[in-house]
Amino acid sequence: MATPVLDKVEADSAASPYITATFRIRRFNPEVSDAAVWEDFTVEIDPKERVLDALHKIKWELDGTLTFRRSCAHGICGSDAMRINGRNRLACKTLIKDLSPEKPITVEPIKGLTVLKDLIVDMEPFFQAYRDVMPFLVTEGNEPTRERLQSAEDRERFDDTTKCILCAACTSSCPVFWNDGQYFGPAAIVNAHRFIFDSRDEAGEQRLEILNDKDGVWRCRTTFNCTDACPRGIEVTKAIAEVKKALITRRY
Ligand code: SF4
Ligand code: FES
């Protein structure tokens, strides 16, 4: 017997995946006020969607002035790190269902960097620290006539730190960085590590001296916030410890 149309509609609506979720977003617009305020937005959304999808929905359907960065939407470009329910995460990799959506979900900018508008911070100090550690291969002498070979074991030594996407989730979760912002920060050290332990590179000593500075690796207090925050699962604290050890032993 055919299902009555009305029953089918009711069954469909009972199976609706949508929930009503509230996003409590930290808003700041220097053209309007010097103070940041929390603003609530309520959306109907599938909890299997990501926080980035909710932010798009809010921006496209409720308030076009909401400002945030994102590009790839797939955990690759590193542009949408934000503090979600008090923890640094990528909005594009955070599912709403994992955030206890029956309560308001808080979204605010990452800490320790100047907020420019809403969820956008000034990343320049972060990228300056990155540039300062010379994040590129340095070699001397004549250009080789063939590729620079490396054993699998040598490649393995810096494999973890090649995964960094420069999202700043680690650096902006570090209490030492919050303190005065002068500390190079975990991300810069991770990217120095990537080249210091590369057998083809010849500027390890230089990079170690840069990080021997009063604002270098010795500022790290091993709180592990950085490792917990990294969306790429990089063992950030371990990489910092390896750089410290290389500074003491001068072996790397
Ligand atoms: S180490 Fe991890 S948390 Fe830090 S910038 Fe790189 S990807 Fe982001
Ligand atoms: S938008 Fe690119 S990492 Fe999230």
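At what distance in angstrom do the alpha carbon centres of region 111-126 and region 49-78 lie from each other? Value for the Cα centre distance between the two parts: 17 Å. Each of SER71, SER79, SER173 was scored by other Cβ atoms within 10 Å of its Cβ. Listed from fewest to most, they are SER71, SER79, SER173. If you take every DSSP beta bridge fully contained in the chain, what fraction is antiparallel? Give it as a percent rounded to 5. In the chain, approximately 85 percent of DSSP beta bridges are antiparallel ones. Over the C-alpha atoms of the chain, the Rg to Rh ratio, Rh being the Kirkwood estimate, stands at 1.10. Considering helices alone, the calculated mean residue ellipticity of the chain at 222 nm is -8000 deg cm²/dmol, with DSSP H runs of length four and up weighted by -39500 (n - 2.57) and normalised per residue. Amide H contacts for THR67 (H built 1.01 Å from N in the peptide plane; partners 5 or more residues away or on another chain; cut-off under 5 Å): LEU119. When cysteine pairs in the chain are screened for C-beta atoms closer than 4.7 angstrom, the residues that find no partner are CYS92, CYS164, CYS167, CYS174, CYS220, CYS230.
Per-residue Karplus couplings for region 39-55, computed as 6.51 cos²θ - 1.76 cosθ + 1.60 with θ equal to phi - 60°, are listed in order as 9, 8, 10, 10, 10, 8, 8, 6, x, 7, 7, 9, 4, 4, 4, 5, 5 Hz, Gly and Pro entered as x.
The orientation-averaged shadow of the Cα convex hull for region 48-165, equal to a quarter of the hull surface, comes to 11.1 nm². Taking the number of Cβ atoms within 10 Å of each Cβ as an exposure proxy, the fewest-first ranking of MET123, MET134, MET82 is MET134, MET123, MET82.
Among the listed pairs LYS59/LYS163; LYS163/LYS214; LYS97/LYS117; LYS48/LYS117; LYS163/LYS238; LYS214/LYS245, those with a Cα-Cα distance over 19 Å are LYS59/LYS163; LYS163/LYS214; LYS97/LYS117; LYS48/LYS117. Given axes a ≥ b ≥ c from the Cα gyration tensor, I'd like to know whether region 157-252 is rounded (a/c under 1.5), prolate (a/b larger than b/c) or oblate. Since a/c reaches 1.5 but b/c is at least a/b, the shape of region 157-252 is classed as oblate. Distant-in-sequence amide contacts of ARG27, defined by a placed amide H-H separation under 5 Å and a gap of 5 or more residues or a different chain, comprise VAL37, TRP38, GLU39. Of the residues ILE234, ILE25, the one with the fewest other Cβ atoms within 10 Å heads the list, and the complete ranking is ILE234, ILE25. Subtracting the Cα-Cα distance of ARG251 and THR223 from 0.36 nm times their residue separation leaves 7.6 nm of extension gain.
Each value in this text was obtained by applying a stated rule to the coordinates, not by laboratory testing. Given the structure is predicted, the values throughout are model-derived calculations rather than measurements. All Cβ positions, even for glycine, are placed from backbone atoms using ideal geometry, and neighbour counts span all protein chains on display.
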